[in-house]
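Colleague: Quick one: structure below, then a few questions.
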Amino acid sequence: MATVDGLASAATTTPGVRGWCPGAWQPMRAADGWVVRIKPWCGRVSGEQALGLAALVRHHAHPTVTLTQRAHLQLRGVSDAALPALQDGLRALGLLDADVRCEARRNVLVQPFWQAGDDTARLADALSTALCARPSWSLPAKFGFAVDAGQQPCLRAASADIRLERVGTDAVLVRADGAAAGCVVAMADAVEAALALADAFVRGGGIASGRARMAQWVRQGALPQAWQTHPCAPSATVDAPALGPTPVGWLVGVAWGQLSADTLAQLGSRSGLRLTPWRALLCEGDEPLPAAPEWIWDDRDPRWRAAVCTGLPGCAQSAGDTQALARALLPDVPRGVAWHVTGCAKGCANAAAAWTVRLGPMGWEWLGWARARGAALSVGESLQALRECFRKIPT
């Protein structure tokens, strides 16, 4: 199997691609056209893929790429006429899976600071390959794995149902999300152990539990004791690592999670990219990054911890223009706080608690520190009154 810097290349591990037809590769319809989600193999986009993707975005979609909290890429505004050509372009770049069932199961979040050929790289590649090799295996659509086998975990705050974390030099803690303990196995057995835990979830009725997520199943007390033999250490890192240089490249925040096609092309001319769940990119190599208005280098910049959904006009479910409201509020948001602007109660941009304003039929709804489905503490239409709510956030 051909590899790129220690991880398998999607172009070489997916020799065929699904056609665009019912039951196959299916984007999602939105108010502004088709929404296309892309899952690069093991979270890495090569320079060649970045250049090609930038060209596709310019020709077939809105001129920006969205970085999602699942470390995927999202394109918006794709017309019916442009969709087949976009599919062909993604196929040529190796950014489509050979089988829609593989794409649906291959939710593998990878700690981005891996070095070529290290344990994280090998586990992520092996797990992704194993998931694609099980065509009859059905997992819930958002059920995912986190390969966090660096010297210190950094994905514990990211969404995942099964987590693989290093223990010592040659062992892995495989644990269910939400559980206070997991099971320690040899590094060589970690992938099979993770798949076995997923199988236990399916066989144990996890798909029928609530929203078919592991944490819900764990709260119901259904996790077998065999998967709770080793207590989990307290979380050493629950937030995004510091922005700036790292041993493998530059970690840079992307304002609002929106990357322009022009900036993507500049990065592709420079090196490969690794996606993260923090609306940030890890740009490989030590060469300085080209200047771009999207970059965030200060982790106290209010844009760094902002979660803002698409809003109107792109999402018909939104009660207003969330992006415009977030930009209007930016001068009033205290530095270093997590905040969320959502157009409805679904909370697509952020499932966790934050300082939240939700748009509704009567104007804005201030929720305080809450999730998107929380109860409104105050409701209004005056932007100045909402600004006061943000100014009163304790720091």
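Quick grid of which residues meet (1) over 24 Å from P313 (Cα atoms); (2) buried (at least 19 other Cβ atoms within 10 Å of the Cβ); (3) among the β-branched types (V, I, T):
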position: C344; (1), (2), (3): no, yes, no
position: G347; (1), (2), (3): no, yes, no
position: L359; (1), (2), (3): no, yes, no
position: W369; (1), (2), (3): yes, no, no
position: A372; (1), (2), (3): no, yes, no
position: A375; (1), (2), (3): yes, no, no
position: C389; (1), (2), (3): yes, yes, no
position: P394; (1), (2), (3): yes, no, no
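Colleague: While we're here: Does R335 satisfy the criteria of being part of a helix (DSSP H, G or I), open to solvent by 30 Å² or more (accessible area, probe 1.4 Å), more than 30 Å from G77 (Cβ to Cβ) and not acidic (D, E)? Talk me through it step by step, then tell me what you get.
Modeller: On the way: part of a helix (DSSP H, G or I): no; open to solvent by 30 Å² or more (accessible area, probe 1.4 Å): yes; more than 30 Å from G77 (Cβ to Cβ): yes; not acidic (D, E): yes.
Taking the combined requirement at face value, the residue does not satisfy it.
Colleague: Show the residue pairs meeting these rules: Cβ distance below 6 Å; 6+ apart or different chains; first residue within region 274-300 and over 14 Å from T66 (Cα atoms) and of a type in the set (A, V, I, L, M, F, W, C); second residue open to solvent by 40 Å² or more (accessible area, probe 1.4 Å) and part of a loop (DSSP other than H, G, I, E, B).
Modeller: I296/R303
Colleague: Looking at this structure, is V185 within 23 Å of the chain's Cα centre (by Cα), at pLDDT 95 or above and not basic (K, R)?
Modeller: no
Colleague: Now for a different question. Can you tell me how many residues within region 52-99 are farther than 22 Å from R29 by Cβ and either surrounded by 17 or more Cβ atoms within 10 Å (Cβ to Cβ) or within 20 Å of the chain's Cα centre (by Cα) (or both)?
Modeller: Matching residues across region 52-99 total 6.
Colleague: Still on this structure: Within region 300-332, how many residues turn out to be crowded, with 22+ Cβ neighbours inside 10 Å, touching a strand residue (DSSP E or B) at 6+ places or on another chain (Cβ under 6 Å) and assigned to a loop (DSSP other than H, G, I, E, B)?
Modeller: Result for region 300-332: 1.
Colleague: OK, next. Going by the conditions given, is G360 over 23 Å from L67 (Cβ atoms) and free of Cβ contacts under 8 Å to residues at least 24 places away in the same chain?
Modeller: In short, no.
Colleague: Between D298, D332, D321, which is in contact with a helix residue (DSSP H, G or I) (Cβ under 7 Å, 6 or more places away or on another chain), among the acidic types (D, E) and at negative phi?
Modeller: D332
Colleague: If you take the residues of region 92-116 that are at pLDDT 90 or above and of a type outside the set (A, V, I, L, M), which of them is farthest from W278 (Cα to Cα)?
Modeller: Result: G94.
Colleague: A further question on this structure: Could you check region 156-228 for strands (runs of 3 or more DSSP E) lying wholly inside it with 1 or more residues that are closer than 16 Å to R106 by Cα?
Modeller: The qualifying strands (runs of 3 or more DSSP E) are 162-167.
Colleague: Can you tell me how many residues in region 193-204 are touching a helix residue (DSSP H, G or I) at 6+ places or on another chain (Cβ under 8 Å) and open to solvent by 10 Å² or more (accessible area, probe 1.4 Å)?
Modeller: Pass one, region 193-204, residues touching a helix residue (DSSP H, G or I) at 6+ places or on another chain (Cβ under 8 Å): 194-195, 197, 200-201, 204.
Filter once more, so that each one left must be open to solvent by 10 Å² or more (accessible area, probe 1.4 Å): 200, 204.
Number of matching residues: 2.
Colleague: May I ask you to list pairs of residues, at least six apart or on different chains, whose Cβ atoms are under 8 Å apart, with the first in region 95-108 being in contact (Cβ under 8 Å) with a residue 60 or more places away in the chain and farther than 19 Å from G52 by Cα and the second being open to solvent by less than 10 Å² (accessible area, probe 1.4 Å) and among the polar types (S, T, N, Q)?
Modeller: R106/S128; V108/S128
Colleague: Which residues, counting only those in region 100-116, are open to solvent by less than 50 Å² (accessible area, probe 1.4 Å) and within 20 Å of C283 (Cβ to Cβ)?
Modeller: Once the filter is applied, which keeps residues that are open to solvent by less than 50 Å² (accessible area, probe 1.4 Å) and within 20 Å of C283 (Cβ to Cβ), region 100-116 yields L109, V110, Q111, P112, W114.
The values are calculated or read from the model by the stated rules, or taken from the named source; none is laboratory data. For clarity, every value in this text was computed on a predicted model and none was experimentally measured. Note that each Cβ is placed from the backbone with ideal geometry, even for glycine, and that neighbours are counted across all protein chains shown. Quick note on the areas: whole protein, heavy atoms, side chains included, nothing else; ligands and nucleic acids left out. Shrake-Rupley method; radii C 1.70, N 1.55, O 1.52, S 1.80 Å.
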